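Take a look at the structure below.
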Amino acid sequence: MTEQGVWLALEEVVAGYYPEQRVLNGVSLAAARGRVTVVLGPNGSGKSTALRVLYGLVTPVRGRVLLEGRDITRVPVHERVRLGMGFLPQGRSVFPALTVHENLELGAWALPAAERPQAVARIYDRYPMLRDWRHKPAGSLSGGQQRTVEIARMMITDPQVILLDEPSAGLAPVVADWVYQEVGRLRDEGRTVLLVDQNVRAAVELADYIYTLEFGRKQLEGGREEFQSRLADVVRAWLRV
């Protein structure tokens, strides 16, 4: 990907969870403004770790994280949220004992106190189905409903750069389709999306640009049409990893 239009980038990042465990080994990738960039690869290839480094949950041993050309490698998570970043982690992340409304209120924590009620109100307008669930404990909802709450909570701060880690995992096909439609909507709104998902075909169809990782290293990159023509060969190679 050319530097023009790059919004978020990793530069030669080495990172892991213990000094002796390096998950990423010199990975560079970039997400263009207003585009969906997809990171694919077999389990254990470093996809989720790359997103965690971008969001500030993992500090790289070497390399840099850039946001609009600014080095944010050492910027804490709460400041990245205020800089316009949002993150949907892998797996369920609702607070199950809290109501849906309380979960949404927690999503507004990074905003000034005076702006929080209006931000939550905007989210009810964006996702009107939440009004029917607002007083229910989030843990009582179905998996698809919980994912809707998680996406809505992430969107309360109006992020312009959105990191999605396996957003369709474990969902019924109709709900997964809604998630992908929402990703397309985010792009149509001019937001920058970096997506990791095991649903390779659906992710490739949605992507503007694609990277593949294997063993913590970048292997391939290119546009959607290029990957669609070689997708079967790529997946077969991963199955042998």
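Bear in mind these aren't lab numbers, they're just calculated from the coordinates by the rules spelled out. From a predicted model like this one, the values you see are computed outputs, not experimental measurements. Ideal geometry is used to build each Cβ from the backbone, glycine not excepted, and the neighbour counts take in all protein chains shown.
Annotations for the structure displayed:
- Relative frequency of Cα-Cα separations exceeding 24 Å in region 1-156, percent: 44
- R0 of 41 Å, Cβ-Cβ distance residue 229-residue 189: FRET efficiency to nearest 0.05: 0.90
- Here r is the Cβ-Cβ distance between residue 61 and residue 220 and R0 is 25 Å; the resulting FRET efficiency, rounded to 0.05, is 0.55.
- Derived scalar couplings ³J(HN,Hα) [region 5-14; Karplus, 6.51 cos²θ - 1.76 cosθ + 1.60; whole Hz; x for Gly, Pro]: x, 5, 9, 9, 8, 9, 10, 6, 7, 10
- Rounded to the nearest whole Hz, the Karplus-based 3J(HN,Hα) values (6.51 cos²θ - 1.76 cosθ + 1.60, θ = phi - 60°) of region 38-48 follow the sequence 10, 10, 10, x, x, 4, x, 7, x, 4, 5, with x at glycine and proline.
- Relative frequency of Cα-Cα separations exceeding 25 Å in region 98-241, percent: 36
- By the Cα gyration tensor, region 165-222 has an equivalent ellipsoid whose semi-axes, rounded to whole angstrom, run 21, 15, 9 from largest to smallest.
- Each pair of Cα atoms in region 94-159 enters the Kirkwood radius, and Stokes-Einstein at 4 °C and 1.567 mPa s then converts it into a translational diffusion coefficient of 113 µm²/s.
- Under the criterion of Cα pairs below 8 Å and six or more residues apart, the relative contact order for region 165-215 equals 38 percent.
- For residue 213, the residues whose modelled amide H falls within less than 5 Å of its own, excluding neighbours fewer than 5 places apart on the same chain, are 40, 41, 219.
- Measuring nothing but how far apart in sequence close Cα pairs (under 8 Å, 6+ apart) lie, relative to its length, region 9-143 scores a relative contact order of 20 percent.
- Close amide H pairs (under 5 Å, H built 1.01 Å from N) link residue 87 with 163, residues at least 5 positions away or on another chain.
- To the nearest ten degrees, helix 224-239 and the longest principal axis of the Cα atoms of the chain are 80 degrees apart.
- The amide H of residue 7, built 1.01 Å from its N in the peptide plane, has 31, 32, 33 as neighbours under 5 Å, considering only residues 5 or more places off or on other chains.
- For region 25-90, the convex hull spanned by the alpha carbon atoms encloses 102 Å³ per residue.
- FRET efficiency, 1/(1 + (r/R0)^6) with R0 25 Å, evaluated for residue 198 and residue 174 via beta carbons: 0.90
- Exposure here means at most 16 other Cβ atoms within 10 Å; with trypsin sites (Lys or Arg not before Pro) in a DSSP loop as sites, the longest stretch of the chain lacking them is 135-239.
- Karplus 3J(HN,Hα) series, Hz, for region 65-80 with 6.51 cos²θ - 1.76 cosθ + 1.60 (x for Gly, Pro): 10, 10, 10, 6, x, 8, 6, 10, 3, 9, 6, x, 4, 4, 6, 5
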